[in-house]
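> Provided herewith is a single structure, encoded as structure tokens, for subsequent inquiry.
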Amino acid sequence: MLTLAVYQDTQQDRDRIASYPLSDPTFTATPQTALTIAIGNPDRLPVMILADTELVGFLVLIKNEDVREVGADPATAVLIRSLSISETRRGQGFASQALQLLPAFVRHHFPMATTLTLSVDHGNLPAQKLYERAGYTDTGRRRFGAYGEQYVLTQNL
């Protein structure tokens, strides 16, 4: 069964992150990198995607002023960053399932949120299709990241 769980910085969670296989972080930060920014920051919530007890994916949810980087409203938006699925577990539907679970998870942890927002690289076609199937729509806003243009997508909660 797939669940979303807040990273707790316990030994068990640190071990999960340490053994997480993601050798090509072309379109996303590794969980280790994302955690160095998120730990201790009350506006960033690191989230593990677990298949039973196995870490199969990771993401960070961001609130408040940092959502402005994609043109979102800090009063109502939550930004999804650093979403990845373990290299050994891709193609098994975990990303789709996690995106289905995410609205209820966000409503629970961020009651003020009315939208989920993310940016996706123009060259990351599989992710674009995934987000479209999950109900995200293009806002028309663009930003530029390390690999060029990024599309800003949103979903109402």
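The values are calculated or read from the model by the stated rules, or taken from the named source; none is laboratory data. In this text, all values refer to a predicted model and were calculated from it rather than measured experimentally. In this analysis, Cβ positions are derived from the backbone assuming ideal geometry, glycine residues included, and neighbour counts consider all displayed protein chains.
> Of all the strands (runs of 3 or more DSSP E) wholly in region 1-80, which have at least 2 residues that are surrounded by fewer than 17 Cβ atoms within 10 Å (Cβ to Cβ)?
Numbers: elements: 2-6, 44-51, 54-62.
Here the list reads 2-6.
> I'd like the full set of residues that are hydroxyl-bearing (Ser, Thr, Tyr), within 14 Å of the chain's Cα centre (by Cα) and either within 27 Å of Thr53 (Cβ to Cβ) or part of a helix (DSSP H, G or I) (or both), limited to region 83-125.
The answer is Ser84, Ser86, Ser96.
> Now, a different point. Between Ser119, Ser96, which is under 17 Å from Ala34 (Cβ atoms), of a type in the set (S, T, N, Q) and either without any contact (Cβ under 8 Å) to a residue 40 or more places away in the chain or buried (at least 19 other Cβ atoms within 10 Å of the Cβ) (or both)?
Ser119
> Quick one: Tyr20 ticks every box in (1) within 15 Å of the chain's Cα centre (by Cα); (2) among the aromatic types (Phe, Trp, Tyr); (3) at pLDDT below 95 bar one, so which box is it?
Only one criterion in (1) within 15 Å of the chain's Cα centre (by Cα); (2) among the aromatic types (Phe, Trp, Tyr); (3) at pLDDT below 95 is unmet by Tyr20, namely (1).
> I would also like to ask the following. Quick one: is Val106 modelled with pLDDT of 95 or more, closer than 15 Å to Leu45 by Cα and surrounded by 19 or more Cβ atoms within 10 Å (Cβ to Cβ)? Steps first, answer last, please.
Values: modelled with pLDDT of 95 or more: yes; closer than 15 Å to Leu45 by Cα: yes; surrounded by 19 or more Cβ atoms within 10 Å (Cβ to Cβ): yes.
So Val106 fits the description; yes.
> If you don't mind, there's one more thing I want to ask. Taking Arg141 as the residue in question, decide whether it is buried (at least 17 other Cβ atoms within 10 Å of the Cβ) and part of a strand (DSSP E or B).
Details: buried (at least 17 other Cβ atoms within 10 Å of the Cβ): no; part of a strand (DSSP E or B): yes.
So Arg141 fails the test.
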